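**Q** Let me give you the structure first, and then I'll get to my questions.
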Amino acid sequence: MDIKRIPLINREISWLYFNDRVLQEASDPTVPLIDRIRFLAIFSSNLDEFYRVRVATLSRLSNLNEKAKEILGYNPKKILNQIKNIVVRQERRFNNLYENIIVKQLAEEKIFILNDKQLNVTRGAFVKSYFRERLLATLVPIMLDDSLPLPELRDRAIYFFVKLTKDKKSRYALIEIPDNLSRFLVLPETNNLKFIILLDDIIRYSLEDIFFIFDHDNIEAYSLQLTRDAELDLDKEVSEKFIDALTKSLQKRRKGKPMRLLYDTEMPLDMVGYLVSKMGLHAESLIPGNRYHNFKNFIAFPNVGRPELEYPIYPTLAVAGLSFGKSLIGMIAKKDYMVNTPYQSFDYIIHFLREAAIDPKVKEISIALYRLADNSRVIHALINAAKNGKKVNCLVELRARFDEQNNITYSSRLEEEGVNVLYGIANYKVHSKICLVTRTEKGKAAHYACLSTGNFNEKTGKIYADHTLFTANKKITNDLVEVFKALKQNALPKGLKHLVVSPIDSRPAIYKLIDNEIKSAKAGKPAYMILKMNSLADEQLIAKLYQASNAGVKIKMIVRGMCCLIPGVKGYSENIQVISIVDKYLEHARVHIYCNGGDELIFLTSADFMTRNIDNRVEVGFPILDEELKKEIRDIINLQLEDNTKSREINSHNTNKYHKTNSEIPCRAQIDIYNYLKYKN
């Protein structure tokens, strides 16, 4: 199959359709009001990162002109223009949703977001007092001079662009909005009415206190936010030199090329023109927005109203057979266990590490870390293990995008505490989520493994839906010993029998599994695949899936994010169905199910069907060998395939139409999975 001719959706455009599904959740009146605001915040945060990384990359490539077209197979300038058109439409929907629907519905709940023009004398005095006590000393405006270049604006910081007018003459200034204070101030309640004001409007209300030394007739302020190129140019050598290069690159990131200027649509044209001329921006970089930027801060919007304005918090469920009051290692020695976060507690993983840290028979702990929580309990457990005389090998991926500085800090701390810190392999990110505990039993080494589809991060463990396997099965642990042995030597693991590890094994292993289904289909036998992942963009794998579809293999896919494959295209993908689930929890698990002639094979993995995951990262896929756990995973996937409430169809029209199933009963996978695990136990 000619890859250049297969039907594909451009990955950037596909990603924007994914973010549109997030915006759909914010639009859904059945979603509790405060959570609708949080989905707006997620949409905004996603878009920031998209511009910092993907649009930045396209912008670089667009400078290559014809060569870029030849490499990519499309014109990056054309895609940049499409991106701008889609984003402008989405921003309009976003603004309308917030201003004309969300704010009004908050008012119906007797919750009012006040701006600087809506304060009465009493609330105005409260705001002025807060401003003078907490804010004034932190605000130092930058007065602009026409003869000088515009000062460097910090990436993603919010600024007020201020115009002071006197006798038709104007003076401009910039004020950076502090990011170390809450964005929201709850004002005193009156007659059961709740009032909230944003930090932005507190400053607007107090502009005269800032610019009192300048004679002016009028003062006006409009918000703006600059998003910069976040890609890094790095020395790839894995050494102290690499850490130094990374640290310098992080500093450079803050001054990267401007990619997007989001500005208040109320800003007068002369002020917009001033910014454009001073910053040298192109038209596609200008995105008109609403009054408030950095909407991602609204993830912390305070619920001052009824509890029902938020999704209920369900208590985490126990894993049948695992007890915090007993040795987890002792129980894992007898059988495999699965933890399905966030339905079941991430604390099982912490408890496993804590037990290993104090168990006298444990001699060594090896772990690969990608993203960590602030004040990570995983790190605390590893440090305690080192203090207890265990040999602790910790691979920290310093190139985890936007977590680089955090991981550098943790690496230094681990080294100070005697942990053997590994820095991965040159040219390959280590994205695996693996841990191996080695224990002396009857004079021999016994191994206990923890492998996951998600990060060892207790914060995201509360909101990311992932699967984590505990096992002492030698088929898996013996391979994992070889994986860590290779990583300690800055090498790629080879010759594994049961684990599927990128970049050596994944592509041939996946092709072999797909070919096996193609062979069955051609022989008239049952043949199917069910594949769940975050993203699908690798063109070779898409071509392979098209080949399987043409052979008669039935393929069902659950893809949360970007999906470049187009289902239902005659001659390519008539046997492929794709849905995307966006709900309260972020669907993060990667699951592969193959018919295998009726003896189903089930794999979990840290890898998506992205070229970077298959060819340029160290990823670990692992089989589920326990029959009871295989059924559990299959049941969970079946519930997701039956979702007719929060799942959308992925198709050539990109309309994100809600998926309908044969069931007349509403099926919402995340609620159904919680109940399944609750009553299963």
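**Q** Taking the residues in region 352-362 that are assigned to a loop (DSSP other than H, G, I, E, B) and in contact (Cβ under 8 Å) with a residue 60 or more places away in the chain as candidates, determine which candidate is nearest to L586 (Cα to Cα).
**A** If we take residues in region 352-362 being assigned to a loop (DSSP other than H, G, I, E, B) and in contact (Cβ under 8 Å) with a residue 60 or more places away in the chain, then D359 is nearest to L586 (Cα to Cα).
**Q** From the list I365, I349, I329, I287, which one is within 22 Å of Q225 (Cβ to Cβ), of a type in the set (A, V, I, L, M) and outside any loop (DSSP other than H, G, I, E, B)?
**A** Answer to the check: I287.
**Q** Moving to a separate point now. Could you run through region 160-185 and say how many residues are within 15 Å of M267 (Cα to Cα) and either polar (S, T, N, Q) or not in a strand (DSSP E or B) (or both)?
**A** Of the residues in region 160-185, 2 are within 15 Å of M267 (Cα to Cα) and either polar (S, T, N, Q) or not in a strand (DSSP E or B) (or both).
**Q** Condition first: assigned by TED's automatic domain parsing to the domain that holds Y594, outside any helix (DSSP H, G or I) and not polar (S, T, N, Q). Can you find one or more residues in region 668-676 that meet it?
**A** yes
**Q** Give the residue that is surrounded by the fewest Cβ atoms within 10 Å (Cβ to Cβ), with candidates limited to residues of region 162-207 that are under 20 Å from V276 (Cα atoms) and within 31 Å of the chain's Cα centre (by Cα).
**A** E176
**Q** Restricting attention to region 99-137, which residues are part of a loop (DSSP other than H, G, I, E, B) and surrounded by fewer than 14 Cβ atoms within 10 Å (Cβ to Cβ)?
**A** K117, N120
**Q** Further question on the same structure: Consider F622 carefully, then state whether it is of a type in the set (F, W, Y), under 23 Å from the mean Cα position of the chain (by Cα) and more than 25 Å from F18 (Cα to Cα).
**A** yes
**Q** Consider only pairs whose beta carbons are under 8 Å apart and that are at least six residues apart or on different chains; among these, list those whose first residue lies in region 542-566 and is outside the structural domain of N651 (by TED's automatic domain parsing) and whose second residue is surrounded by fewer than 24 Cβ atoms within 10 Å (Cβ to Cβ).
**A** So the pair list comes out empty.
**Q** Give the residues of region 541-582 that are under 22 Å from A509 (Cα atoms) and assigned to a strand (DSSP E or B), sorted by residue number.
**A** K554, I555, K556, M557, I558, V559, C563, L565, I576
**Q** For P302, state whether it is part of a loop (DSSP other than H, G, I, E, B) and more than 30 Å from K680 (Cα to Cα).
**A** Yes, satisfied.
**Q** Right, here's the next one. Return yes or no: is M562 in contact with a Lys or Arg (Cβ under 7 Å, 6 or more places away or on another chain) and farther than 24 Å from D336 by Cβ?
**A** Spelling it out, M562 is indeed in contact with a Lys or Arg (Cβ under 7 Å, 6 or more places away or on another chain) and farther than 24 Å from D336 by Cβ.
**Q** For a quick check of your reading of the model, give me the residue pairs whose first member lies in region 94-115 and is not assigned by TED's automatic domain parsing to the domain that holds S206, whose second is among the small types (G, A, S) and part of a helix (DSSP H, G or I), with beta-carbon atoms closer than 9 Å and at least 6 apart or on different chains.
**A** none
**Q** Among the residues in region 521-538, are any of a type in the set (K, R) and part of a loop (DSSP other than H, G, I, E, B)?
**A** For region 521-538, residues of a type in the set (K, R) and part of a loop (DSSP other than H, G, I, E, B): present.
**Q** Could you say whether any residue in region 579-590 is in the same structural domain as Q670 (by TED's automatic domain parsing), more than 30 Å from D28 (Cα to Cα) and touching a Cys at 6+ places or on another chain (Cβ under 8 Å)?
**A** no
**Q** Please find, within region 579-601, the residue that is farthest from V553 (Cα to Cα) out of those that are among the aliphatic types (A, V, I, L, M) and surrounded by 22 or more Cβ atoms within 10 Å (Cβ to Cβ).
**A** V582
**Q** Might you check whether a residue that is surrounded by fewer than 17 Cβ atoms within 10 Å (Cβ to Cβ), in contact (Cβ under 8 Å) with a residue 40 or more places away in the chain and of a type outside the set (D, E) occurs anywhere in region 517-533?
**A** Within region 517-533 (the criterion being surrounded by fewer than 17 Cβ atoms within 10 Å (Cβ to Cβ), in contact (Cβ under 8 Å) with a residue 40 or more places away in the chain and of a type outside the set (D, E)), the answer is yes, since at least one residue qualifies.
**Q** What number goes with the only condition from (1) outside any loop (DSSP other than H, G, I, E, B); (2) touching a residue at least 12 places away in the same chain (Cβ under 8 Å); (3) touching a strand residue (DSSP E or B) at 6+ places or on another chain (Cβ under 8 Å) that N455 does not pass?
**A** Only one criterion in (1) outside any loop (DSSP other than H, G, I, E, B); (2) touching a residue at least 12 places away in the same chain (Cβ under 8 Å); (3) touching a strand residue (DSSP E or B) at 6+ places or on another chain (Cβ under 8 Å) is unmet by N455, namely (1).
**Q** OK, next. Does V559 fit the bill of being buried (at least 20 other Cβ atoms within 10 Å of the Cβ), farther than 25 Å from V501 by Cα and modelled with pLDDT of 95 or more?
**A** No, not satisfied.
**Q** Something else: So R617 ticks every box in (1) surrounded by 17 or more Cβ atoms within 10 Å (Cβ to Cβ); (2) among the charged types (D, E, K, R); (3) without any contact (Cβ under 8 Å) to a residue 40 or more places away in the chain but one. Which box is left unticked?
**A** Failing condition for R617: (3).
The values are calculated or read from the model by the stated rules, or taken from the named source; none is laboratory data. All figures in this text were calculated on a predicted structure; none of them were measured in a lab. Reconstructed Cβ throughout: ideal geometry from the backbone, glycine too, with neighbour counts over all protein chains shown.
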